[in-house]
Amino acid sequence: APPPRCAGAPWLAPWPHCLCKGKMVVVGVLAGLSVLSILTYGYLAWDSLGLGPGGTEAARAGMGEERGVSSPSSQPHIIFILADDQGFRDVGYHGSEIRTPTLDKLAAEGVKLENYYVQPMCTPSRSQFITGKYQIHTGLQHSIIRPSQPNCLPLDNITLPQKLKEVGYSTHMVGKWHLGFYRRECMPTQRGFDTFFGSLLGSGDYYTHFKCDSPGICGYDLYENDSAAWDHDNGIYSTQMYTQKVQQILASHNPRKPIFLYIAYQAVHSPLQAPGKYFEHYRSINNINRRRYAAMLACLDEAINNVTLALKQYGYYENSIIIYSSDNGGQPMAGGSNWPLRGSKGTYWEGGIRAVGFVHSPLLKNKGSVCKELVHITDWFPTLITLAEGQIDEDIQLDGYDIWETISEGRRSPRIDILHNIDPIYTKAKNGSWAAGYGIWNTAIQSAIRVNHWKLLTGNPGYSDWVPPQAFSNAGPNRWHNERISWSAGKTVWLFNITADPYERVDLSTRYPDVVKHLLRRLSQFNKTAVPVRYPPKDPRSNPKLNGGVWGPWFKEDEKKKKADKRKGVNKQKKNKNKKKTNQKKGQSLHCRSRLAGG
């Protein structure tokens, strides 16, 4: 159970209870520098999607005249949609100039998660979603899994689809895996999914599905289950292709039986590619990267509309839970925007880890609401297993919480803190030291933690600018130089009140040393539970040229080692057998002697 919320430390109280008084009010005023006025853009009408009275017959059928009936099962259908690199601002309801009518409508009719956190990069977020564990507890606390690394989500971690299969769910994954594939046991179909259609790597061409890891190390990356999907290499844009696959799965499955659909779209990750028709509304955006990104997001929004229509058409919708999330913050250099948050993808500033997220479901009690309680991507694991009427094993040490009542009924979140990460092998901050961390923590180490409304960062937290949307310029970084803050030399600790100052403009580390010490102690406690980092060097055997031109499992145990291990096992068995016989004889001998002595 989480510790009492204000016990012994009123300054660590969660928002909105036990809020700081006095000087902290000033921080709230400073946070007023936010550009909330940008959040006043209008939305496209739902009718513009062809779903109004004048919509197509197929659309009307999808919206209300469902084919079949809803599932009578008490277990809900679970549809988890993960976008890739979508910036915090890049959704209509956060004030974006990019129109996202589907996302806006689904979020408005569901519950918007406005205090929702993920990890700053692809692999970490995906690993935490699928295991319910922090990176420090899976060994994936550094960077991402690279294509040529013999690395994957450790096989001793039970996954969400495995738990859902235990209680009768059909489990399907469509899209980007990025949790390792160097051996067959790491593949999605070996980690709990009945079917898999998508890519194994972190990125690749949206049409050809090819990816180069380095010059000359290139291969095809589109899979159906455990084999390369050459039959699907028809030049179809991946967002549309994945949506078609989802529609096929829904059409062929029985809606009376529970289904788990994990749809991990490649969009809007680079390379910036989109079909021509989606550029129509964005010709006025001068910045070419932003224009391409906008077209990609418009296509993604339409794809999610088509998924929703399929859920309705095939009889799933009334008993479904749709969760939408980005995997990390946007990358401004690749068209994304996290404005007015600070930082970007790959950093522990809010722009890297605070995500677009919402839940849409007829099963929600408080529809059309906003949840400002603390929610983290690890929370989906226990939440969804509980909703599916599954059991969470007592020996699984989870970092996630069941937050369904928080989302559906507006109750307080059981979560009071988030370990954003501790990365012991990231480039150390030159001026970091144990002294700067009050002898509690070495501030050269990159780490970040949130406890209620307080956030602490140490080491090198990454690129720290505030980057306005680049809709009107190709000028690059010069456009936002006036937003830069030059920290004093040697700085390796930052403290922010995120509730009062969500844009991280006012560092409070010198004003509240006791809070800094408390959070450093929490970091130290978490660090004691960390497992060693898994980040092996590249393996030349991974080259797709050695594997039929395909990225895929390449690791095979050495045959000699296998035979030696087998011989060792046989010899051990013989030894144990002989030992057992010897012990039996010893036992008989002792028994006889005792009987003679007794007679």
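Within region 397-415, restricting attention to residues that are assigned to a loop (DSSP other than H, G, I, E, B), open to solvent by less than 50 Å² (accessible area, probe 1.4 Å) and in contact with a strand residue (DSSP E or B) (Cβ under 8 Å, 6 or more places away or on another chain), the residue that is nearest to Thr529 (Cα to Cα) is Asp399.
Among the listed residues Cys212, Cys218, identify the single one that is surrounded by fewer than 19 Cβ atoms within 10 Å (Cβ to Cβ), in a strand (DSSP E or B) and touching a residue at least 12 places away in the same chain (Cβ under 8 Å). One residue alone meets the criteria, Cys218. Inspect region 143-157 for any residue being in contact (Cβ under 8 Å) with a residue 24 or more places away in the chain, at positive phi, open to solvent by 10 Å² or more (accessible area, probe 1.4 Å) and touching a Ser or Thr at 6+ places or on another chain (Cβ under 9 Å) and give the result as yes or no. Checked region 143-157: at least one residue is in contact (Cβ under 8 Å) with a residue 24 or more places away in the chain, at positive phi, open to solvent by 10 Å² or more (accessible area, probe 1.4 Å) and touching a Ser or Thr at 6+ places or on another chain (Cβ under 9 Å).
Within the set Ile263, Ile285, Ile236, the sole residue that is in a loop (DSSP other than H, G, I, E, B) and buried (at least 22 other Cβ atoms within 10 Å of the Cβ) turns out to be Ile285. Considering Gly346, Gly315, Gly390, the condition of being on the phi > 0 side of the Ramachandran plot, touching a Lys or Arg at 6+ places or on another chain (Cβ under 8 Å) and in a loop (DSSP other than H, G, I, E, B) is satisfied by Gly315 alone.
Under the condition of being hydrophobic (A, V, I, L, M, F, W, C), in a strand (DSSP E or B) and touching a Gly at 6+ places or on another chain (Cβ under 9 Å), the residues counted in region 349-370 number 2.
Restricting region 318-343 to residues that are part of a loop (DSSP other than H, G, I, E, B) and hydrophobic (A, V, I, L, M, F, W, C) leaves a set whose member that is surrounded by the most Cβ atoms within 10 Å (Cβ to Cβ) is Trp339.
Determine, yes or no, whether Ala295 is crowded, with 21+ Cβ neighbours inside 10 Å and over 20 Å from the mean Cα position of the chain (by Cα). The answer is yes for Ala295. Asn306 meets each of the listed conditions (1) open to solvent by 10 Å² or more (accessible area, probe 1.4 Å); (2) at pLDDT 95 or above; (3) within 20 Å of the chain's Cα centre (by Cα) apart from (3).
Applying a threshold of 8 Å to beta carbon distances and a minimum spacing of six or more residues, or different chains, the list of pairs starting in region 362-373 at a residue that is open to solvent by 70 Å² or more (accessible area, probe 1.4 Å) and ending at one that is hydrophobic (A, V, I, L, M, F, W, C) and at pLDDT below 95 reads Lys372/Trp15.
The values are calculated or read from the model by the stated rules, or taken from the named source; none is laboratory data. Note that the structure is predicted; figures quoted are calculated from it, not measured. Virtual Cβ from ideal backbone geometry, glycine too; neighbours counted across all protein chains shown. Areas reflect the complete protein model, heavy atoms only, side chains present, ligands, DNA and RNA absent. Shrake-Rupley method; radii C 1.70, N 1.55, O 1.52, S 1.80 Å.
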